[in-house]
Amino acid sequence: MRRASAGQNLPVVGALARRSIVQTFRRPQFLAPILLFPTLLLAINTGGAGRAVDLPAFPEVGGFLDFQLAASTLQATMLAAVSGGVALALDFELGFNDRLLAAPIPRWVMIVGRLAGTAIMGVVAAVWFLAIGLIFGAEIVGGPAGALVVIALSALAAAAFGGLGAALAVRSGQASVVQGTFPLAFVILFLSSAFFPQELMQEPAATAAAYNPLSFIVEGLREPVLYGVSGEAILHGLGGVAIVGIVGVTLTALAMRARLRAA
Amino acid sequence: MAAIETNALERSFDELRAVAGIDMAVAEGEIYAFLGPNGAGKTTTVRMLTTLLRPTAGTARVAGHDVVGDPGAVRRQIGVALQEAALDPLMTGAELVRLQATLHGIARAEGRWKAAALLERVGLSDASSRRIGTYSGGMRRRLDLAAALVHEPRVLFLDEPTTGLDPASRQAIWDEVRNLNAGGTTVFLTTQYLEEADQLADRVGIIDEGLMRVEGTPGALKAQVGSPHLELSLADGGAERAEPVLARFGEVQPPRDGVVQVGLARGAAEIATVVLALDDAGLTVESLELVQPTLDDVFLAETGRHLEGADEGEDDSADPEPEAAGADARS
Amino acid sequence: MTGAAGHLDAVGALMRRALNELLRVPGAAIPGVLAPSLFMLGLTGVFGELTELQGFDTDSFLSFILPVSLVQGATFAGAATGVNLARDIEIGWFDRLLAAPVPRPALLAGIVLSASLRSLLPITGVLVLGLALGANWPGIDGLLVAVGLGFAFASVAASWTVGLALRFKTQAAAPLMQASMFVAVLFTTSYAPQEVLTGWLATVARYNPVTRVVEGVRQGFVGEVTWSETWPALAVLVVLLALMVAFALRGLRHAGD
């Protein structure tokens, strides 16, 4: 019989991450929200509010599309996190998690495997929107290095938000509860500087945006595209991710402990 | 060392004592069947033994390890095929078995060929690249069994492995269980089907309302509640004349509707002698049937209720209203 | 019971069952009202300054966007009907209705009317919230036009998504239902007047019939209610309703295929 050691947890994390991604691509109702809706919203925002760059106080940018890409990327990663949470809750509902719980793997591997899958969806989202941006005329001022920064930050953000989704899934064990947070992903982004410069937003959204960790993450995703790679922006981005990540990990650990104690 | 040992094992859910104190010992290499009606506590017991549920009192050891103190060690030694079949409809059969292999630390290449071999063994090779969502109930159970075996467990837990299956699928599962056991695997299965316990098990534990009522080999249990009896119908109203002849062999029940009963301690072995004796007395046997006591008789003796009759009454007959889960569209 | 009276009964019963979900499940109504309301508030907070651009005939972005959210709320209610039907088909519940001697039009009428009734919740919610936060008062005529057009559009959305549900028979079609409604409502003069829109969206909005509906709902909030703005909206709704009802009925008639 094999003992599951630290080295042997990695293949399990990998296998669960792979399953998580395969699930997403095999369920249109999971994949569509992640890529389709943010893309549609990008189209509308760009077409509908594109003239905003003419406003006197609007910062110098290559184009409104260039400005919006970060928002779409972040939105997609947040929706990927909700999708991951729904899938995890379904695993509880359908009893699939019993299979994992009865196997000789540490409990945290179940969650980390799922989050690794979500992180990869974050990469997919970043690549998708960078490609769309390039196709429709945006310019990545930071070049390949900038693109890599965006992709890496997107992956980390996805994992961090995934932690929140996982916490809710573990706590409730119900897909419908996690599903209900889809609108929240949209809304919370409105309270940040994702779609519009914070200086030009109206109160109280403007004040909320000033303190919203998502604004920092967006900054980290946006700078490489608009102005090039900047250490300060990367730090801000990582800081925002860290805040979300810490909250997510804590809530997940607490929820997991409560669930296993009740079992 | 016993493969499975429990001592006053208990599990309560708020006010409900689902398992009210069970003592049992399953020997290595044994097939042990846990027989009882719906709600008896079978699944709860299995979930405790497979570390999915924590006992509220008592102890349990599986493959020499405490389920509470050393659950990791238990999980390494057990294979589990649960009632809800813990399957993902979007995965293919092959993907599921390979995942199970990875969960047990089996290297990828080895996992691949083991999965292929097991799927071949349970007759799912052709379906292995199809999604589980397209599988029939019988196929899902066979797949679950294959997944449970990928790491060659010492103890295999099967929770109602053939519930809802057609006779052919049921037989296939039984054959597989016998093969496994022949190879040395201890099998603990729960069932509500008498025939399953009778056919498969070395020993049977009858559980009702969370308690073990009686335990033993199927033969011994049945012998406890009585011996076989022969029912004969005789030509030309010979039933009354047959009574004194039959009385030499065992206890005779007065004839009813032309059918007379005699208890036969040695069962089928005595039939020929009985028929010859009747023939010598000039009596012709039109038909005869040897009726054996069943585990249901055992259950009846212990609990005052029938085992299979109690299940039939709880059938869901009408289509239920789907739950108004408020599943509105969310964008 | 057969005949018209019996059909009306069936329609009523189906409507009642659909409304049950709303009444018996606590919080079931909330997402339908919350989503468009939050969208309205969010967009106002984010894009409110757009009214500084030349071409906007109001300086209240909230008043400009409120009608869009109203229509969105109506379409969410409609789309939810389709998603719920897809679920009902998947779990086999719909077979019960199909096997009953209820004429297909009555079946559809029950489903669609219940969707329209449901839409009154988000429509009211958006109106109350928007007006409370200072949106321009549209006048009684503006209010009636807005609610009436929204109600009718909910029927269009419901018929369309019911048709999709019958076509695909799976909840996996939900994104198609939601996305198509999303596109229909937002690829219009949703964010800005026609003159302010740029590029491809300007072209799409010009030819998207739903733009007429959005403009019709918006009238009172940014100006006066006029017949010249109202009749195109009505015409579009009549045509769309006829098309979508035909689509849904076809789906019902072929449900057993």
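Values in this text are rule-based calculations from the coordinates and carry no lab data. Since this is a predicted model, take the numbers as computed values, not measurements. FYI the Cβ positions are ideal-geometry reconstructions off the backbone, even for glycines, and counts take in every protein chain you see.
Of note:
- Residue order, fewest to most surrounding Cβ atoms within 10 angstrom, among A:Trp128, A:Trp108: A:Trp108, A:Trp128
- FRET efficiency, 1/(1 + (r/R0)^6) with R0 22 Å, evaluated for B:Glu28 and B:Asp66 via beta carbons: 0.80
- Close amide-amide hydrogen proximity is noted between B:Leu211 and B:Ala20, each under 5 Å apart and 5 or more residues distant or on a separate chain (H modeled in the peptide plane; Pro and chain starts excluded).
- Distance (nanometres) between label positions extended 7 Å along Cα→Cβ at A:Ala210 and C:Arg16: 5.7
- Averaged over the residues of B:72-80, the number of partner chain Cβ atoms lying within 10 Å of the residue Cβ comes to 4.
- Couplings for segment A:28-44, taken from phi via the Karplus curve 6.51 cos²θ - 1.76 cosθ + 1.60 with θ = phi - 60°, read x, 6, 9, 6, 4, x, 6, 10, 5, 5, x, 5, 4, 5, 4, 4, 5 Hz in order; Gly and Pro are left as x.
- Full extension of the chain between B:Ala182 and B:Asn38 gives 48.9 nm of extra length, using 0.36 nm per residue less the Cα-Cα distance.
- Exercise: per-residue mean of other protein chain Cβ atoms within 10 Å, C:174-183: 5
- Modelled FRET efficiency - R0 25 Å, B:Ala247 with B:Ala220, Cβ distances, 0.05 increments: 0.35
- Per-residue HN-Hα couplings for segment B:268-285 [Karplus 6.51, -1.76, 1.60; θ = phi - 60°; Hz; x = Gly/Pro]: 4, 4, 9, 4, 4, 4, 5, 5, 4, 4, 5, 4, 4, 7, x, 10, 9, 8
- The HN-Hα couplings worked out from phi for segment C:49-54 by the Karplus form 6.51 cos²θ - 1.76 cosθ + 1.60 (θ = phi - 60°) are 6, 4, 5, 5, 5, 5 Hz, whole numbers, x standing for Gly and Pro.
- Percent of beta bridges antiparallel (DSSP, the protein assembly as shown, rounded to nearest 5): 65
- One chain, two ends: B:Ser287 and B:Arg54. Fully extended at 0.36 nm per residue, the span grows by 78.3 nm beyond their Cα-Cα distance.
- The Cα atoms of chain B give a gyration tensor whose axes a ≥ b ≥ c have a/c of 1.5 or more with a/b greater than b/c, which makes the shape prolate.
- For B:Leu9, net neighbour charge (Lys/Arg +1, Asp/Glu -1) across residues whose Cβ lies under 13 Å away: +2
- Over segment C:3-253, relative contact order from alpha-carbon pairs under 8 Å, at least 6 apart, %: 27
- Note on A:Val141/C:Leu53: beta-carbon distance plugged into 1/(1 + (r/R0)^6) with R0 of 22 Å gives a FRET efficiency of 0.25.
- The modelled label-to-label distance between C:Ile140 and C:Arg104, using points 7 Å beyond Cα along the C-beta direction, is 4.4 nm.
- Once the Cα-Cα distance is subtracted from the 0.36 nm per residue extended length, the B:Glu110 to B:Arg131 segment shows a gain of 5.3 nm.
- Shielding of A:40-47 by partner chains, average beta-carbon count, 10 Å: 6
- For chain B, the longest principal axis of the alpha carbon atoms and the long axis of helix B:137-149 meet at an angle near 70°.
- In plain terms, the residue of B:Thr44, B:Thr294 with the fewest other Cβ atoms within 10 Å comes first and the most crowded comes last, giving B:Thr294, B:Thr44.
- Filtered GluC sites (Glu not before Pro), segment A:54-140: DSSP coil and at most 16 other beta carbons within 10 Å: A:Glu60, A:Glu139
- Adding -39500 (n - 2.57) for every DSSP H run of four residues or longer, then dividing by how many residues the protein assembly as shown holds, sets the calculated 222 nm ellipticity at -20000 deg cm²/dmol.
- Per residue, the convex hull spanned by the Cα atoms of the protein assembly as shown amounts to 200 cubic angstrom.
- Per DSSP, loop trypsin sites (Lys or Arg not before Pro) in segment A:1-96 with at most 15 further Cβ within 10 Å: A:Arg2, A:Arg3
- Surrounding net charge for A:Gly146, when Lys and Arg each add one and Asp and Glu each subtract one, Cβ distance under 14 Å: -3
- The aspartates and glutamates whose alpha-carbon is closer than 14 Å to the alpha-carbon of B:Lys222, local same-chain residues fewer than 8 away aside, are B:Glu195, B:Asp198, B:Asp202, B:Asp296, B:Asp297, B:Glu302.
- Label point of B:Ser227 set 7 angstrom out along Cα-Cβ; within segment B:282-301, amide nitrogens under 14 Å from it belong to B:291-293.
- Extending 7 Å from Cα along the Cβ direction at A:Trp108 and again at B:Glu195 yields two label points whose distance is 5.2 nm.
- Relative to the longest principal axis of the Cα atoms of chain C, the long axis of helix C:30-47 makes an angle of roughly 20 degrees.
- Percent of beta bridges antiparallel (DSSP, segment B:4-223, rounded to nearest 5): 55
- Of the GluC sites (Glu not before Pro) in segment B:6-78, those whose Cβ has at most 10 other Cβ within 10 Å and which sit in DSSP loop: B:Glu15
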